[in-house]
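Notes for the one structure printed next.
Please treat every number below as a calculation from the coordinates, not as lab data. Fair warning: this is a prediction, and the values are worked out from it, not measured in the lab. Note: ideal-geometry Cβ built from the backbone for every residue, glycine included; neighbour counts use all protein chains shown.
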Amino acid sequence: MLKLRRVAIDARHENLAFLARDCRQYRPEEFEALEKIEISADNRRILAILNVVDDPAILKGDELGLGERAFRHFGMPEGALVEVAQASPPQSLEAIHRKLAGHVLVEREIDAVVRDIAANRYSKIEIAAFLVSSAGSMAVEEVLALTRAMAKVGTQLSWDGGRVVDKHCIGGVPGNRTSMIVVPIVAAYGLTIPKTSSRAITSPAGTADTMEVLARVDLSIEEMRSIVRRERGCLVWGGHVDLSPADDVLISVERPLSLDPREQMVASIISKKLAAGSTHLVVDIPVGPSAKVRDPEEAERLRKLFEYVGAATGLTLDVVLTDGTQPVGRGIGPVLEARDVMKVLRNEPEAPPDLRERSLFLAGRVLEFDPRLRAGEGRDHAEKLLASGDALAQMERMIAVQGPSRALYPLGQLTREVPSPARGRVKAIDCYRIARTARLAGAPTDKGAGVDLLKKVGEAVAEGEALYRIHACFPADFKFATEYARGASGYTVAPD
């Protein structure tokens with residue numbers, strides 16, 4: 001037996017285990033050829049990737065170390081006695097081999113694969129094989145089976161009452177923080193909207209990153225339920241309540257490979273909404289030349305797939321196509337986006353009009369799930385709730401019950417303005433390059449980092465006038481972002 005030790009290493013979606021090279025109970029050489037080992041104690045088991053440690057200051061010969069994620073999931077205290085064994089290959093691996101050979105998998109095969117992924121039985125290489133073999137070649141029946149399987153694994157929330165509404169954007173457009181305006185409007189109206197949001201993976205900010213500037217987002221399930229019963233809505237980080245955990249693992253492998261298969265995206269979104277207990281969902285698909293979806297034909301195919309899977313799983317969907325030709329609002333990065341959101345909620349004159357209008361449009365579509373409203377009436381109700389201050393009051397109550405942020409996040413003090421190369425009007429803004437610039441500046445890790453857009457499409461600009469301002473908190477990030485922007489600003493300026 002080995003004594004359990006917590007090792008302060010955060011590997012995000014990986015379970016890491018550590019064994020000293022001079023361990024007498026086990027020889028690390030027995031395991032080095034294997035991706036995974038199985039650790040057990042007191043009827044608890046966990047699979048983890050083994051790492052061998054040579055430094056006795058990190059790990060002693062009679063200890064078994066677990067990284068932060070694995071230690072938390074294992075649930076045993078430090079010093080507990082544990083056993084180690086070789087991990088058996090997942091039984092569902094044969095299904096992945098069949099998919100690699102071009103076969104269509106049946107529901108029980110996909111169920112088994114998803115259960116093994118959620119249980120951390122697969123290596124990242126094996127998960128990548130499943131994703132690559134599935135990208136662009138999944139039958140609609142497989143997408144439906146994948147959605148159902150992912151929704152069943154992990155936490156499944158349920159709520160009192162009838163309709164539980166939600167809104168989700170597929171992403172690809174920086175600054176699109178409409179959820180933080182839609183949720184308080186909808187909750188102030190009286191519909192239940194328990195919003196679980198993601199943190200950024202490749203974007204400069206996710207909704208959870210931006211909301212964290214204002215309030216706690218890492219709530220427990222019990223805290224979330226209590227807040228929703230009291231306020232009808234919340235804005236929390238979905239990763240903390242273990243919704244569709246297999247999806248989180250798949251995403252962690254997709255991003256480094258730049259894989260974003262549409263079928264997987266549909267299964268990901270709908271499975272999380274089903275697990276969160278939603279009954280009605282508005283899906284926002286921005287369409288634009290530098291957005292995730294770039295042409296109307298692709299958007300229509302995606303809309304039909306969403307509608308098919310939604311109908312088959314009992315989720316009422318309203319899929320809307322929106323303008324994805326440029327970033328939304330002015331701020332790109334958590335602090336800057338939170339600033340824009342609060343300006344809209346406070347009805348300030350300088351609030352970004354595009355963020356306000358898009359939020360009202362989407363909030364109106366969500367409100368129209370209420371059968372008492374006729375088509376077109378939802379937006380009017382949303383505008384009244386915003387203009388009256390009811391939405392702001394609702395947001396302030398949600399911040400209070402979730403817990404105001406204890407940290408202060410100042411805007412990055414290292415700044416540089418990117419000038420226009422010519423006089424004219426802004427013809428286009430590249431969403432990808434602006435997002436990349438903000439991320440290089442340090443967002444979302446540094447919440448005060450990002451890009452502040454000073455000009456939007458259609459606005460006049462003089463030669464040398466600033467198009468946007470880069471904010472960074474650290475010199476290295478500042479250097480990376482400014483050099484990237486110097487190579488190409490992401491703006492197209494045409495003669496007036």
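Tabulated values for the structure
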{"item": "Karplus (6.51, -1.76, 1.60) ³J(HN,Hα), θ = phi - 60°, over segment 115-127, in Hz, Gly and Pro reported as x", "result": "4, 6, 5, 5, 7, 6, 7, 9, 7, 5, 5, 5, 5"}
{"item": "Pairwise label distance in nanometres, residue 158 with residue 132, each label 7 Å out on the Cα-Cβ vector", "result": "4.2"}
{"item": "Principal axis dimensions, largest first and in whole angstrom, of segment 2-86 by Cα", "result": "26, 25, 25"}
{"item": "Listed residue pairs exceeding 23 Å between alpha carbons, taken from 427/447; 99/195; 292/456", "result": "427/447; 99/195"}
{"item": "Diffusion coefficient, µm² s⁻¹, Stokes-Einstein with Kirkwood Rh over alpha-carbon pairs of segment 206-247 at 37 °C and 0.692 mPa s", "result": "304"}
{"item": "With Cα atoms, 0 to 90° folded angle of helix 140-152 axis to the chain main axis", "result": "70"}
{"item": "Square roots of five times the Cα gyration tensor eigenvalues for segment 93-152, Å", "result": "15, 15, 9"}
{"item": "Furthest towards positive pole of dipole, 206, 102, 182, structure part the chain, Cβ charges", "result": "182"}
{"item": "Rounded to 5, percent antiparallel among DSSP beta bridges of the chain", "result": "55"}
{"item": "Length released on extending from residue 390 to residue 141, taking residue separation times 0.36 nm less the Cα-Cα span", "result": "85.3 nm"}
{"item": "Ratio of the Cα radius of gyration of the chain to 2.2 N^0.38 Å, where N counts its residues", "result": "1.03"}
{"item": "Tail beyond 23 Å, pair distance distribution of segment 22-149 (Cα, percent)", "result": "43"}
{"item": "Only Lys, Arg (+1) and Asp, Glu (-1) charged, at Cβ; segment 93-152 dipole about Cα centre in debye", "result": "160"}
{"item": "Cα-centred dipole magnitude for the chain, charges only on beta-carbon of K, R (+1) and D, E (-1), debye, nearest 20", "result": "720"}
{"item": "Overall Cα dimensions of segment 414-494, principal axis frame, Å, largest first", "result": "34, 20, 19"}
{"item": "Long-range amide H partners of residue 53 with built H, under 5 Å", "result": "19, 20, 21"}
{"item": "Additional length obtainable on full extension of the chain from residue 230 to residue 374, 0.36 nm per residue less Cα span", "result": "49.1 nm"}
